[in-house]
Amino acid sequence: MLQRLPPLQTLRAFEAAGRLLSMSRAAEELNLTHGAVSRHIKTLEDDLGLPLFTRHTRRIALTAEGALLLATVGRVLGELAQQAASLRSRNANPRLTISTTFSFASKWLEPRLHRLRLRHPDFDIHLDVTDQTVDVSGGSIDAAIRYGGGRYPHAVTERIMDETLTPVCNPSYWKRHARGLGARELPAATLLHEDRMAVDWPQWLARAGVSVRPGARSAAYSHGSMAIEAAIRGEGIALGRSVLVREDLLAGRLIAPFAALQVDAGRGYDLVYAARNRADAKIVALRNWLNEEVRAFLSDRR
């Protein structure tokens, strides 16, 4: 059985006055009169049987007992407020909107999203697919998964996966056009790549000790997933991003003839969300689910 607690309104008044060391400022913060705050604190002192403040002409100070109580009351009220905010957010708006890029959505996230829906049927999960920068502090987007260098000002950023690059192609294409080719001969093939990559064919070929000859055949795409699909169709050899090509390699739609020779993409995938939502139930659920999916994905070496 719980022991008798002081009235909540007296604890709120005490916490504000103790934190601000001012009855007037506490009254302003709580939207009460100075007299009401003073009466609440006097009621609490009478209930406890000891003074919590020493009163001076123009200021107040905590007594030793007041300082001890303030530490506990501040922590407990803070935890209550945080939990209440989390529950309100979950109950008032069960919609979870996740923004991500076209390639990551089509090749990785969307095929797995049904498992998040099964785990959290109370969430109304929406996938917002765009390569444009989104504002996670505005309220319309709960979280974003972005591919880049991990620098997103005014937001919490958690790296979930890094990425490497290696050539990939359709098995039939390799048999017809490239069987027996070494890295030095690759520029003679059609090289598929994604525009605006931080690391591209020149860096991979340099790692292999090869320079791109002027006039080498190539085809560029705005999205990595489009370059991969072109490689699956047998249109050339793509510089495959490891996260995007994993499933196609496992399914045999692609092969990686130089799998041992990989370069760091210079970018990775980050979960991005507003700092105020760190403890939000939807963000916690998404973060936990993503961590599990990524661990399973990275450990699957079939």
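The values are calculated or read from the model by the stated rules, or taken from the named source; none is laboratory data. Just so it is clear, the structure is predicted and the values come from calculations on it, not from any experiment. Methodologically, a virtual Cβ is constructed for each residue, glycine included, from the backbone with ideal geometry; neighbour enumeration extends over all protein chains shown.
Regarding the stretch 269-286, can at least one residue be identified that is within 19 Å of the chain's Cα centre (by Cα) and of a type in the set (Asp, Glu)?
We begin by selecting, within the stretch 269-286, every residue within 19 Å of the chain's Cα centre (by Cα); these are 269-286.
Filter again for of a type in the set (Asp, Glu), leaving 270, 280.
Checking the stretch 269-286: at least one residue is within 19 Å of the chain's Cα centre (by Cα) and of a type in the set (Asp, Glu).
No other residue among ASP200, ASP195, ASP270 is of a type in the set (D, E, K, R), surrounded by fewer than 16 Cβ atoms within 10 Å (Cβ to Cβ), out of contact with any helix residue (DSSP H, G or I) (no Cβ under 6 Å at 6 or more places or on another chain) and within 28 Å of THR130 (Cβ to Cβ) apart from ASP195. All of (1) over 26 Å from THR157 (Cβ atoms); (2) within 23 Å of the chain's Cα centre (by Cα) hold for ALA256 with one exception: (2).
When PRO171 is tested against (1) surrounded by 15 or more Cβ atoms within 10 Å (Cβ to Cβ); (2) of a type outside the set (Phe, Trp, Tyr); (3) in the same structural domain as VAL243 (by TED's automatic domain parsing), just one condition goes unmet, and that condition is (1). Elements of the type helices (runs of 4 or more DSSP H) sitting completely within the stretch 1-81 and holding at least 1 residues that are touching a Lys or Arg at 6+ places or on another chain (Cβ under 7 Å): these cover 23-30.
Taken together, the residues in the stretch 8-46 that are touching a residue at least 40 places away in the same chain (Cβ under 8 Å) and either under 37 Å from the mean Cα position of the chain (by Cα) or not assigned by TED's automatic domain parsing to the domain that holds GLU65 (or both) amount to 5.
For the stretch 94-104, how many residues are buried (at least 16 other Cβ atoms within 10 Å of the Cβ) and either closer than 21 Å to GLY139 by Cα or basic (Lys, Arg) (or both)? Break it down into steps so the answer makes sense when it comes.
Restricting attention to the stretch 94-104, the residues satisfying the condition of being buried (at least 16 other Cβ atoms within 10 Å of the Cβ) are 96-101, 103-104.
Cutting the leftovers down to either closer than 21 Å to GLY139 by Cα or basic (Lys, Arg) (or both) gives us 96-101.
Matching residues across the stretch 94-104 total 6.
Determine whether LEU254 is of a type in the set (A, V, I, L, M, F, W, C), farther than 30 Å from LEU118 by Cα, crowded, with 17+ Cβ neighbours inside 10 Å and modelled with pLDDT under 90. Here the answer is no, as LEU254 does not meet what is asked. Within the stretch 198-220, residues that are closer than 17 Å to LEU181 by Cα sit with their Cβ atoms under 6 Å from residues that are surrounded by fewer than 17 Cβ atoms within 10 Å (Cβ to Cβ) and at pLDDT below 85, at 6+ positions apart or across chains, in these pairs: LEU205/VAL212; ALA208/ALA183; VAL210/ALA183; VAL210/ARG184.
The residue that is surrounded by the most Cβ atoms within 10 Å (Cβ to Cβ), counting only those in the stretch 238-250 that are closer than 14 Å to ASP195 by Cβ and of a type outside the set (D, E, K, R), is ALA238.
Within the stretch 132-149, track down each residue that is farther than 17 Å from ARG276 by Cα and surrounded by 15 or more Cβ atoms within 10 Å (Cβ to Cβ).
Filtering the stretch 132-149 for residues farther than 17 Å from ARG276 by Cα gives 132-133, 145-149.
Within the stretch 132-149, ILE145, ARG146, TYR147, GLY148 meet the criteria.
Which residue pairs have Cβ atoms closer than 8 Å, lie 6 or more positions apart in sequence or on different chains, and pair a first residue in the stretch 122-138 that is on the phi < 0 side of the Ramachandran plot with a second residue that is assigned to a loop (DSSP other than H, G, I, E, B) and surrounded by fewer than 14 Cβ atoms within 10 Å (Cβ to Cβ)? Going by the 8 Å Cβ cut-off, the qualifying pairs are SER137/HIS154. In summary, helices (runs of 4 or more DSSP H) completely within the stretch 194-302 and bearing 1 or more residues that are under 17 Å from LEU109 (Cα atoms) occur at 224-232, 242-251, 281-299.
Taking the numbered list (1) surrounded by 13 or more Cβ atoms within 10 Å (Cβ to Cβ); (2) closer than 22 Å to ILE98 by Cβ in turn, GLU235 passes all entries but (2). Spot the failing condition for SER103; the list is (1) touching a residue at least 60 places away in the same chain (Cβ under 8 Å); (2) out of contact with any helix residue (DSSP H, G or I) (no Cβ under 6 Å at 6 or more places or on another chain), and only one is missed. (2) is the only condition that SER103 fails.
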